[in-house]
1. Give me Rg over Rh for the stretch 133-232, both radii from the alpha carbons and Rh done the Kirkwood way, two decimal places.
2. Please give the direction-averaged projected area of the C-alpha convex hull for the stretch 3-124, in square nanometres with one decimal.
3. Between Arg199 and Arg40, with labels modelled 7 Å along Cα→Cβ, what's the label distance in nm to one decimal, could you check?
4. Given H placed 1.01 Å from N in the peptide plane, which residues other than close sequence neighbours of Leu80 have an amide H under 5 Å from its amide H?
5. Could you compute the net charge surrounding Leu223? Neighbours are other residues with a C-beta less than 14 Å from the C-beta of Leu223; K and R count +1, D and E count -1.
6. Where in the chain are the DSSP H helices whose C-alpha atoms run 27 Å or more along the long axis and whose mean Kyte hydropathy is at least 0.5?
7. Would you please state the base-10 log of I(q)/I(0) at q = 0.17 1/Å for the chain, with intensities from the Debye formula using one equal scatterer on every alpha carbon?
8. Sorted by packing (mean other beta-carbon atoms within 10 Å per residue), highest first, where do 90-98, 39-47, 24-32 land?
Amino acid sequence: MNRVLIVEDEDHLAAGLKLNLEAEGYAADVEDTGEAALERLVDGGGFDVVLLDVMLPGLDGFEVVRRLREARQFVPVMLLTARSHTDDVLRGFEAGADDYLPKPFDLSILLARIRGLLRRRRWLRGNEAGQPAEADECSFAGRHVDFRNQVLRRDRAEQPLTLMEATLLRYLVQHAGETVSRRTLLEQVWGVRQDTDTRTVDNFVARLRRYIEAEPAQPRHLLTVRGVGYRFVVEPED
Ligand code: CA
């Protein structure tokens with residue numbers, strides 16, 4: 001049974017979500033502050049997905065997810081935001097969130113998005129039928145990426161990757177040599193079909209470059225294709 005932590009300060013909303021998730025076969029717990037959520041999650045807590053309200057008293061949702069990632073906790077986090085402002089979405093992804101849903105939302109949409117997060121995680125771990133086994137790991141330029149465990153190794157250092165960072169890198173690696181548009185990446189990696197700001201993609205690419213490029217400002221593997229999107233190159237020619 002998948003476990004969901006609901007972090008929401010509005011009691012009726014939290015209770016309604018819990019009831020509905022349980023009716024769908026999830027185990028659901030509620031915390032009503034960011035501080036309490038961090039305490040539950042900082043040593044993992046055994047949750048599969050966190051639904052995290054942005055507007056909380058005390059620590060807000062952005063800060064909660066930022067601290068979780070800082071503490072190297074990479075449980076998939078979906079932000080619930082009252083405003084669908086692109087700046088909020090961007091800020092959420094920057095903080096380390098995996099997905100977001102503007103409030104108010106339909107239950108069916110929430111459930112679909114939760115399934116999407118769980119599916120992405122399974123896909124990453126290579127359990128989905130038809131996924132080539134060789135894509136579970138890859139090496140280039142002295143880096144070794146283990147997608148199953150969401151970790152990038154370089155020399156003796158380990159860099160954990162969030163679900164979205166690992167999913168994006170895996171998609172780029174699987175399409176190595178091809179130019180992929182920002183729009184395609186948003187659809188295929190984030191599952192976002194709305195008119196989301198494509199800067200989200202640029203932001204994640206900048207983060208991946210810090211992990212994989214010797215000189216992030218002069219990338220040799222994760223190339224910008226001006227006006228279109230990006231191309232991943234395993235072995236640069238020169
Ligand atoms: Ca709230």
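1. That ratio equals 0.94.
2. 6.8
3. That separation, rounded to one decimal, is 3.3 nm.
4. Hits under the 5 Å cutoff: Leu52, Asp53, Val54, Leu101.
5. That sum, taken over residues with Cβ under 14 Å, equals -2.
6. What comes out of the filter, once short or polar helices are dropped, is none.
7. Log10 I(q)/I(0), no solvent term: -1.30.
8. Sorting 90-98, 39-47, 24-32 by mean packing, highest first, produces 90-98, 24-32, 39-47.
All of the numbers you see were taken from the coordinates with simple rules; none came from a lab. No experiment lies behind these values; they were computed from the predicted model shown. Counting neighbours? That spans all protein chains shown, and the Cβs are built from the backbone with ideal geometry, glycine included.
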